[in-house]
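The values are calculated or read from the model by the stated rules, or taken from the named source; none is laboratory data. Fair warning: this is a prediction, and the values are worked out from it, not measured in the lab. Cβ placement follows ideal geometry from the backbone for every residue including glycine, while neighbour counts extend to all protein chains displayed. What goes into the accessible areas is simple: the full protein's heavy atoms, side chains included, and nothing from ligands, DNA or RNA. Shrake-Rupley method; radii C 1.70, N 1.55, O 1.52, S 1.80 Å.
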Amino acid sequence: SERIVIAIDGPSGSGKSSTAKGVARALGLAYLDTGAMYRAVTCAYLDAGVDPSDQAGVIRETLAADLQISTDPDLEQVVVNGVEVTTRIREPEVSAKVSAVSTVAECRANLVARQRAIIEGAANGIVAEGRDITTVVAPDADVRLLLTADPEIRMARRKAELGDKVDASQLADQVLRRDADDSTLVNFTTAADGVTHLDCTYLNLDETIAAVLDLVASVR
Ligand code: C5P
């Protein structure tokens, strides 16, 4: 079968990572979590002792970061500057400080270039997910999807994912505050031209994956 690129965008907690991984597994494709790259660079600048308010420092550390990310949907692994940060990137401190990377144009341009190289290098094709994949990173993808869900559902899913160690205010920070911050970067609540909008508020994971596979079949 021919090479295929599937781009999925959506807000935090929409289920886009689980969906993208499931689709990649079903079709034998690579998987790219672009959010993990923004998070990994956040670890790098924090480790370098750079303050989030030091924009020049954040840019410098982003451009210098040696970033390795697994594109195997069954192997989550992120290494930055030789340090494995796979679990650390999910910690609240990183979520709270990632916008110092994602709101700076120079940082975005650098990560977008790396993401395009990874996508181009995927021989069988890839499912890439984030906030700007359908619009900036891979606007010519074969399938472009905006995955959304109501905020209450997204908070509930994040809570199920993170367990009892997060309280209500951390949960709101993980979902609602980042919605607000990220919406200044890219519009991920309404689908751009040619992008299919899938609201999965009332779909479980399997149903969501099936809907995406149907969409893929329709363009193949
Ligand atoms: O997807 P995830 O929630 O892990 O992304 C973490 C953060 O990285 C987002 O809150 C956003 O600030 C940033 N991001 C981005 N563009 C992407 C993916 C993530 O700005 N394509």
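Things to note:
- Residue, nearest to residue 22 (Cα to Cα), within the range 55-87, restricted to residues that are charged (D, E, K, R) and open to solvent by 60 Å² or more (accessible area, probe 1.4 Å): 74
- Identity of the residue in the range 1-33, among the β-branched types (Val, Ile, Thr) and crowded, with 24+ Cβ neighbours inside 10 Å, that ends up nearest to the ligand (Cβ to nearest atom): 8
- Helices (runs of 4 or more DSSP H) wholly inside the range 94-186 that include at least 1 residues being more than 18 Å from residue 18 (Cβ to Cβ), of a type in the set (A, V, I, L, M) and within 15 Å of the chain's Cα centre (by Cα): 99-102, 105-121
- Those helices (runs of 4 or more DSSP H) lying entirely in the range 1-91 with at least 2 residues hydroxyl-bearing (Ser, Thr, Tyr): 16-27, 34-47
- Number of positions in the range 100-114 that are open to solvent by 60 Å² or more (accessible area, probe 1.4 Å) and touching a residue at least 40 places away in the same chain (Cβ under 8 Å): 2
- When residue 117 is tested against (1) surrounded by fewer than 17 Cβ atoms within 10 Å (Cβ to Cβ); (2) in contact with a helix residue (DSSP H, G or I) (Cβ under 6 Å, 6 or more places away or on another chain); (3) within 30 Å of residue 212 (Cβ to Cβ); (4) among the aliphatic types (A, V, I, L, M), exactly one condition is not met: (2).
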